[in-house]
Amino acid sequence: MLVCLATPIVILVGSGIAAIVPSVAESLNNSGAHGFSEMLYAYSSGGGNNGSAFAGFNANTPFLNVSIGLVMLFARFLPIIGTLAIAGSLAQKKKIAVTAGTLSTTNAMFVFLLIVIVLLIGALSFFPALALGPIAEFFQNR
């Protein structure tokens, strides 16, 4: 669970901290919901991709450089460390006989459940931030 939630937690905590720092407001090209979208995209991109930002968002300040760099570091390496810990734990376990209560990982039901859980965790992790940024901006312009 922590491996799945590490990236969204790091991105959202970084974005939340940046939202309350007064100097970040000066780096925004727009105010309101679009400004929050600019900031959220910068942290999401740093955590998941290459660290790009919206045009107009001045991410070249000491605070933003360091904080986006920390988000990039933790969002990438915490899941790797957690996955390696799980692999080490599984490697030390002894094999036991398959019983009626064993979850088979070789059928379509397992694949379906895995995909649904990954999509559900991803959607629930970022929906609050999306509601504050892009979705609010959509309804603000109507």
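Computed from the coordinates by the stated procedures, all read-outs in this text should not be read as laboratory data. Note that the structure is a prediction, hence the values are computed from the model and not measured. Counting neighbours? That spans all protein chains shown, and the Cβs are built from the backbone with ideal geometry, glycine included.
Structure above, values below:
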| read-out | value |
| --- | --- |
| Most to least packed among 81-89, 65-73, 121-129 [average Cβ atoms within 10 Å] | 65-73, 121-129, 81-89 |
| Extent along principal axes [Cα atoms of the range 1-133; Å; largest to smallest] | 62, 28, 22 |
| Span-rule helices in the chain, defined as complete DSSP H runs reaching 18 Å or more along the axis (Cα) with Kyte mean at least 0.5 | 2-20, 62-92, 108-132 |
| Dipole magnitude of the chain about its Cα centre (Cβ charges: Lys, Arg +1; Asp, Glu -1), debye to nearest 20 | 680 debye |
| Nitroxide proxy distance, nm - points 7 Å out along Cα→Cβ at ILE117 and ALA19 | 2.9 nm |
| Distance histogram in 10 Å bins (all Cα pairs of the range 11-60, percent per bin) | 29, 62, 8 |
| Low-density loop cleavage sites - trypsin sites (Lys or Arg not before Pro) in the range 1-110, where at most 11 other Cβ are within 10 Å (DSSP) | LYS93, LYS94, LYS95 |
| Under Karplus coefficients 6.51, -1.76 and 1.60, residue-wise ³J(HN,Hα) of the range 22-27 in Hz, glycine/proline x | x, 5, 5, 4, 6, 7 |
| Virtual spin-label span in nm between PHE77 and ILE96, 7 Å along Cα→Cβ | 3.6 nm |
